[in-house]
Every structure is written in C-alpha cells, then in structure tokens.
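A short worksheet on the structure shown next.
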Amino acid sequence: MPKIQAGTALSHFKVVDLSRVRAGPACVRVLTDFGADVIRVEPPKGVDPNEALFADKRDGGDFQNLNRNKRSLTLNLKKPGALEILKRMIVDADVVIENWRPDIKKKLGVDYDSLAKINPRIVMASISGYGQDGPYASRAGFDQIMQGMGGLMSVTGEPGRGPMRAGIAVADMSAGLYTAIGILTALLERERSGRGQWVQTSLLHSQIAMLDFQAARYLNDGDVPVQAGNDHPTSCPMGLFQAADGVFTLGASGEGHWVKLCEIIERPDLLAEPAFKINKLRVASRARVNKELNQEFGKKPVAYWVEALNRVGVPAGPVYNVPQMFEDPQVQHLEIDKPITCDDGKVRHFISLPMKLSRTPAEVVTRAPWWGEHTDEVLSELGYSAEEIARFHEDSVV
C-alpha cells in the first residue's frame, strides 16, 4: 500500500519516532502533518509496564490527535535482532526522535555518536525531563513536576491560595514545539554542511523559557513574580471583568486603549484621575481601577461590551468553556476542528496545526495507527523477505 502523506512540504524526509507520552508525539505531529514519512516505533503490546500511559487507549481522542498521519512498527528492543532492524531504518532516515532516559541510549548503542557513524546526515532529537546531563539527568520528568520546578505554579492562581497548576500540559507541549523548531533548523543547516547534529530539549528548560517576561523581570530587575489571579501582573486594566450577565476579558493597558475605554464607558473623570494617568500608576491602584470599571460594565451584557470595545480597537473577548469555544464563528472559520472519515468508517475529530502555509499547508489525512499496523509493510520496505518477517514474529522481535 502507498505510504501515508499528509502535506507536501516535508514529504522528502523520513522520520523514525521512538518517542512516547506527549512531548515527543507533539513534536512529531508537526513533521507528519507537513508530509514527513513518520514511522512510530513502539514495543509490542505487553512489553512495557507503563504502556497504559502512552499506547493503550489508541482510539481515544488524545492518542488519535497526537499520532495521526503516522505508521506504526512494533519492535521489542530487548530481543536479539531488534536493534539491527532499528539501525537499518536509521541508514536512510533523516530524523530520529526519542525521549528515553539519557543512559538508555548509550546502553543500546543508539546514542547520537553511534547513529552518526551509521548515517552522518542523521538529525537526532532527544527530549528529556531535565537535560541529557547534570545532577537530575536520570530523573523521570512529567509535565506537572516541571510546572512546579519551572516556576509556573508559583505565578498561576489567585493570591494567597497556594500554587496552582495550569490547565494544560505547558511543559510537554512547549518542549515538543521547541524540539520541532530545533529539528527543522538542523535540517536547514544540513543543506549547507551535509551533516546532521544532535538536537536536545528538556521539559524543565522549555517550561522556564515559557515564563518569558516573568523570568526576565526577575533576572534583570529583581522583581519576583507572584500570583495575580486573572489580572495581568504588570498591566492595568487587563484581566477579567463582570458584565450584567457574566464575565469577559479585557486588555486596555496601553494609553491609547485606556483613553478609548474611558470614552466607551462615558467616564472622562477616570482620565482626569492622577492615580490612573499611566499604566504604572494604574497597576498600583488596580483595586480602585477594577472597581470603577466593574461598576460600569455591570450595566450591560458581555456581548455588548465585547462588540463595543473591539469596534474602537480595545481588545476584549468572551470567556468560553470548550464547547462554546468550538461554536465561535471565528474558530469555525479557522478550521481548527478537522473531522476525518477514516478507513474504518468512523468520523474522528483532529485539531489542526496553527501555522498556515500558502502553498504547502499541513494536512490531516488519516487516523493514528493501530498497534503495529504497518510492521510488515515497513519491514518489507527495509528489504526483509517474507520468511524473515515471519521469523521476527515467531521470535517476538516484532
């Protein structure tokens, strides 16, 4: 059968995906949606005691969304001969992605130096919890742990309520995206040098990088970020406000925005108030500012304020739950929900990539693979005979 091809931008690249859980598959999803031939290599069912974390619920929305457009090859690396199959795949591959503990690669002989001897053009991407070396390198890394260590929980939530995790996997997803950027950069550089290289990303580093201005203001200004609830820590008014029938978000910290906001709510006296003159002063007087604004916003519904404020260029928006979000006309216009009728007749919904290319866009064309669905197909492409493939099955290599 023909290989899966989604988009065309990366259709000339072959990717061996050894990753699992979320960060790695999130990285690979970028490559496969743009057309790379991605072979997901995973242990046969029952080999990994933690498989329920990343491979068991294959028809669930999460697994399907993370692993669409891929092929699946099962390979038991504990069996003799399995490593030779993997290394044969590496010979003509462009990218290998893994998120094993750093020491495992060396033991198996699939560390970057070993693979570069097989294929000097290989780009190897390694995602770890804490980095490939250092005092915590051998520790297992999970998103929630990194949200705590990486400072995110200390700035999330309401003041005085204690640390709070974010509602999404910030460390995992950012590590996946940073890794994808690193891979694409390495492939671009390879066009000039002809050589691959080792791309390394950690959840911890990615999480801290995502703090961005919160971390930078501490390092450069000594300003320790704290929890600010729904208010922006350094801008005012920017946060959640109460309308007559619910809440909405507002971002009017720029001086031009502030003037237009006061005009819309017909409160010129707020412009004349010395304590509200500039953003820095409004931040110091945030409680007073918010009280005055909520007094006016409470007179009319959310829809009125969102429309009126945006009409004059003041950023404002509703606060949706997930079903409401997918019903929004702009969300629907962006085609974020990509329903696909799959080969088993089932309609599955996928979240499209947010980057759009005018000539070679990303595509979602098929569901995530069943366990080892393409094992024989991939082995045949590698040059193994039907008899050899049958023996691999008999010996539980695949």
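The values are calculated or read from the model by the stated rules, or taken from the named source; none is laboratory data. Since we're looking at a predicted model, the values are computed, not measured. In this analysis, Cβ positions are derived from the backbone assuming ideal geometry, glycine residues included, and neighbour counts consider all displayed protein chains.
Counting only residues that are closer than 11 Å to Pro237 by Cα and touching a Pro at 6+ places or on another chain (Cβ under 9 Å), the stretch 282-324 holds 6 of them.
From the list Ser380, Ser385, Ser396, Ser358, which one is surrounded by fewer than 16 Cβ atoms within 10 Å (Cβ to Cβ), modelled with pLDDT under 95 and among the polar types (S, T, N, Q)? Spell out how you get there, then give the answer.
Values: Ser380 fails: modelled with pLDDT under 95; Ser385 fails: modelled with pLDDT under 95; Ser358 fails: modelled with pLDDT under 95.
Matching residue, one of Ser380, Ser385, Ser396, Ser358: Ser396.
Assess whether Asp231 counts as being in a loop (DSSP other than H, G, I, E, B), touching a helix residue (DSSP H, G or I) at 6+ places or on another chain (Cβ under 8 Å) and acidic (Asp, Glu).
Values: in a loop (DSSP other than H, G, I, E, B): yes; touching a helix residue (DSSP H, G or I) at 6+ places or on another chain (Cβ under 8 Å): yes; acidic (Asp, Glu): yes.
The answer is yes for Asp231.
Can you say whether Val314 is β-branched (Val, Ile, Thr), at pLDDT 95 or above, closer than 30 Å to Pro225 by Cα and crowded, with 19+ Cβ neighbours inside 10 Å, as far as the supplied structure shows? For Val314, the condition - β-branched (Val, Ile, Thr), at pLDDT 95 or above, closer than 30 Å to Pro225 by Cα and crowded, with 19+ Cβ neighbours inside 10 Å - is met. Only a single item in (1) within 27 Å of the chain's Cα centre (by Cα); (2) more than 26 Å from Asn321 (Cβ to Cβ); (3) buried (at least 18 other Cβ atoms within 10 Å of the Cβ) is not met by Phe276, and it is number (1). The residue list Arg121, Arg139, Arg161 contains one member that is over 24 Å from Ala9 (Cβ atoms), over 21 Å from the mean Cα position of the chain (by Cα) and touching a residue at least 40 places away in the same chain (Cβ under 8 Å), which is Arg161. Put simply, of Ala209, Ala215, Ala180 the only residue that is surrounded by fewer than 18 Cβ atoms within 10 Å (Cβ to Cβ), modelled with pLDDT of 95 or more and within 21 Å of Val21 (Cβ to Cβ) is Ala209.
Please go through the stretch 239-263 and give me each residue that is in a loop (DSSP other than H, G, I, E, B) and surrounded by fewer than 14 Cβ atoms within 10 Å (Cβ to Cβ), ordered by number. Spell out the reasoning first.
Let us first name the residues in the stretch 239-263 that are in a loop (DSSP other than H, G, I, E, B), namely 243-246, 252-254.
Within the stretch 239-263, Ala244, Asp245, Gly246 qualify.
Residues satisfying the criterion are present in the stretch 95-104 (criterion: under 30 Å from Glu381 (Cα atoms) and without any contact (Cβ under 8 Å) to a residue 24 or more places away in the chain).
Picking from Leu281, Leu293, which residue would you name as being in a helix (DSSP H, G or I), surrounded by 16 or more Cβ atoms within 10 Å (Cβ to Cβ) and either touching a helix residue (DSSP H, G or I) at 6+ places or on another chain (Cβ under 9 Å) or in contact (Cβ under 8 Å) with a residue 24 or more places away in the chain (or both)?
Numbers: Leu281 fails: surrounded by 16 or more Cβ atoms within 10 Å (Cβ to Cβ).
Exactly one of Leu281, Leu293 is in a helix (DSSP H, G or I), surrounded by 16 or more Cβ atoms within 10 Å (Cβ to Cβ) and either touching a helix residue (DSSP H, G or I) at 6+ places or on another chain (Cβ under 9 Å) or in contact (Cβ under 8 Å) with a residue 24 or more places away in the chain (or both), namely Leu293.
For the stretch 46-75, the candidate set comprises residues that are of a type in the set (S, T, N, Q) and in contact with a helix residue (DSSP H, G or I) (Cβ under 9 Å, 6 or more places away or on another chain); within that set, the residue that is farthest from Asp17 (Cα to Cα) is Asn65.
State yes or no: is Val155 more than 25 Å from Val21 (Cα to Cα), surrounded by 14 or more Cβ atoms within 10 Å (Cβ to Cβ) and out of contact with any strand residue (DSSP E or B) (no Cβ under 7 Å at 6 or more places or on another chain)?
On the way: more than 25 Å from Val21 (Cα to Cα): yes; surrounded by 14 or more Cβ atoms within 10 Å (Cβ to Cβ): yes; out of contact with any strand residue (DSSP E or B) (no Cβ under 7 Å at 6 or more places or on another chain): yes.
It is true that Val155 is more than 25 Å from Val21 (Cα to Cα), surrounded by 14 or more Cβ atoms within 10 Å (Cβ to Cβ) and out of contact with any strand residue (DSSP E or B) (no Cβ under 7 Å at 6 or more places or on another chain).
Which of the following residues is within 30 Å of the chain's Cα centre (by Cα) and under 30 Å from Gly151 (Cβ atoms): Leu219, Leu281? So the residue among Leu219, Leu281 that is within 30 Å of the chain's Cα centre (by Cα) and under 30 Å from Gly151 (Cβ atoms) is Leu219.
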